[in-house]
1. What are the pairs with Cβ atoms under 7 angstrom where one residue, in region 84-113, is among the β-branched types (V, I, T) and in a loop (DSSP other than H, G, I, E, B) and the other, located anywhere, is at pLDDT below 95 and open to solvent by 60 Å² or more (accessible area, probe 1.4 Å)? Sequence gap at least six, or different chains.
2. Within region 304-322, does at least one residue satisfy the condition of being touching a residue at least 40 places away in the same chain (Cβ under 8 Å), surrounded by fewer than 18 Cβ atoms within 10 Å (Cβ to Cβ) and farther than 30 Å from I133 by Cβ?
3. Hey, which of the strands (runs of 3 or more DSSP E) in region 207-294, taking only ones fully inside, have at least 3 residues that are touching a Phe, Trp or Tyr at 6+ places or on another chain (Cβ under 6 Å), without any contact (Cβ under 8 Å) to a residue 60 or more places away in the chain and not charged (D, E, K, R)?
4. Collect the residues in region 50-78 that are assigned to a loop (DSSP other than H, G, I, E, B) and either in contact with a helix residue (DSSP H, G or I) (Cβ under 7 Å, 6 or more places away or on another chain) or surrounded by 23 or more Cβ atoms within 10 Å (Cβ to Cβ) (or both), keeping them in residue-number order.
5. Since A433 meets every condition but one in (1) in contact with a Phe, Trp or Tyr (Cβ under 7 Å, 6 or more places away or on another chain); (2) hydrophobic (A, V, I, L, M, F, W, C); (3) within 25 Å of K304 (Cβ to Cβ), which condition does it not meet?
6. Considering only residues that are open to solvent by 10 Å² or more (accessible area, probe 1.4 Å) and in contact with a helix residue (DSSP H, G or I) (Cβ under 6 Å, 6 or more places away or on another chain), which ones fall in region 341-357?
7. Among the residues in region 177-199, are any closer than 22 Å to H147 by Cβ and of a type outside the set (K, R)?
8. Does region 327-340 include one or more residues that are open to solvent by less than 10 Å² (accessible area, probe 1.4 Å) and more than 23 Å from L297 (Cβ to Cβ)?
Amino acid sequence: MLNFTRKLLLGSLLFSSVSVAQIDVQSFMQELPQGSSLGFVAKNIAQNEVIAQYNSQAFMLPASTQKVFTALAAKLALGDQFRFETSALTNGKIQNRQLNGDLIIKFSGDPNLTSGQLYNLLAQLKQQGIDQINGNLILDTSVFTGHDRGLGWIWNDLAMCFNAPPAAVNIDNNCFHVDLDANLPVGETVKINIPSRYPIQVFGQVRIATKEEAAYCQLDAVVHDSNRYQLKGCITRQSKPFGLSFAVQDPDAYATAIIQRQLKQLKIEFNGKVQQPFQPQTGQILAQHFSSPLPDLLKRMMKKSDNQIADALFRSVAYQLYKRPASFQSGAAALKQVLSNQAGIRFGNSIIADGSGLSRHNLIDPQTMLQTLEYIIQNEDKLHLMETFPIAGVDGTISGRGAFLKEPLAKNLAAKTGALKGVYNLAGFMTNARGETIAFIQFINGYSTGEFESQTKRAPLVQFESKLYNALYAE
């Protein structure tokens with residue numbers, strides 16, 4: 001990975017006198033399904049010349065290529081030493097193995113906080129001699145405000161774990177799993193097994209259907225308040241149990257239940273009330289937990305396209321910049337301000353709705369993304385962001401992409417992917433046959449192979465990308 005980055009940097013710094021030819025992108029569009037929209041631009045960094053472009057100023061859905069903006073903004077605004085902090089504080093004193101005062105748990109949006117790490121945090125109270133809390137449990141989630149999901153997130157995806165709310169309190173990715181046993185006779189009700197560690201309710205009546213009924217069956221989940229989930233519909237008989245994952249809908253209630261359970265497990269008596277004030281809380285620090293530093297977070301965010309890390313950082317940039325509770329709206333303003341002022345990115349009429357790219361409100365053109373890639377490569381000696389991009393045939397979300405599995409593209413192209421329904425995007429770098437670095441942005445929206453999509457979905461995309469990027473390599 002590091003050798004790949006060095007090769008890109010070397011290619012971007014060496015100047016060659018070889019003339020650069022324009023590539024006719026439109027000639028490759030016949031490979032895409034009818035109705036697809038394409039925005040594309042590629043620039044030879046060494047030559048400082050655009051070598052291919054098509055609709056490069058057209059606004060399109062960026063999907064997860066949006067994380068390139070988020071990564072750069074986080075680097076510039078937060079710095080490599082940034083870590084999310086989860087802490088236990090008190091406004092009282094410890095006397096005779098009792099905490100005479102409130103226990104304050106202060107959350108900062110750590111997207112990788114686990115229930116085990118939270119338990120270890122509370123265990124430090126026990127180690128300090130606390131057996132009883134004579135006060136209230138206060139959840140301080142004041143770092144963020146407003147809705148914990150971005151504008152334009154699709155409503156029927158909200159129960160999915162990739163759409164789990166990136167709230168101030170985020171335990172185990174705000175995601176839980178249940179097992180379904182459908183190895184039962186036709187007409188029987190599926191058994192739902194909920195691991196005891198999850199403070200949630202899942203109920204419903206899912207019927208075992210015949211094979212003839214299967215085409216008309218649908219398994220659906222309906223979300224209710226207080227983290228209750230109702231499963232409906234029917235499925236065919238399954239020989240083995242299978243798992244389903246759901247996003248936590250009320251992170252505060254979920255965290256409260258987990259904390260109370262863990263205090264009981266630690267034999268720390270608590271009979272007070274649970275409060276959640278709007279104002280930040282202060283007090284004596286009893287215990288702290290820190291996340292991995294920003295470079296590690298960014299690497300996971302980019303390689304795995306982690307939505308929760310992206311949107312936690314998105315609002316954290318706003319919190320750092322404006323020194324007040326951050327919403328998705330203030331996150332958008334902060335990201336634009338940081339990238340405009342510090343990196344010279346000109347957003348024009350672009351729309352930024354979140355940091356992950358989940359929102360269907362986002363509108364970006366390839367030229368704006370190209371500005372960002374150019375800034376990254378020009379400042380890579382300080383940023384170290386190129387090494388976070390997934391590498392074709394090697395790692396991350398592009399490791400198995402069909403067009404890039406063979407040389408010369410495999411191991412020679414690094415790009416952030418972006419995928420939503422009908423969207424196949426890329427933003428990244430490659431080295432051409434002369435050893436020069438090419439920065440490229442591909443936005444494909446409106447991609448559909450129709451009613452036979454399950455059989456033919458990827459084939460046109462593979463053909464298009466294989467021909468286009470081999471042409472870029474040979475340029």
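1. none
2. Yes, there is a match, as at least one residue in region 304-322 is touching a residue at least 40 places away in the same chain (Cβ under 8 Å), surrounded by fewer than 18 Cβ atoms within 10 Å (Cβ to Cβ) and farther than 30 Å from I133 by Cβ.
3. Filter on region 207-294 gives an empty set.
4. Selection gives S56, Q57, L61, P62, L78.
5. Failing condition for A433: (3).
6. Q342, A343, F347, I352 - these are the residues of region 341-357 that are open to solvent by 10 Å² or more (accessible area, probe 1.4 Å) and in contact with a helix residue (DSSP H, G or I) (Cβ under 6 Å, 6 or more places away or on another chain).
7. Scanning region 177-199, I find no residue that is closer than 22 Å to H147 by Cβ and of a type outside the set (K, R), so the answer is no.
8. no
The values are calculated or read from the model by the stated rules, or taken from the named source; none is laboratory data. This is a predicted model, so every value here is computed, not measured. Virtual Cβ from ideal backbone geometry, glycine too; neighbours counted across all protein chains shown. Accessible surface areas use protein heavy atoms only, side chains included; no ligands, DNA or RNA. Shrake-Rupley method; radii C 1.70, N 1.55, O 1.52, S 1.80 Å.
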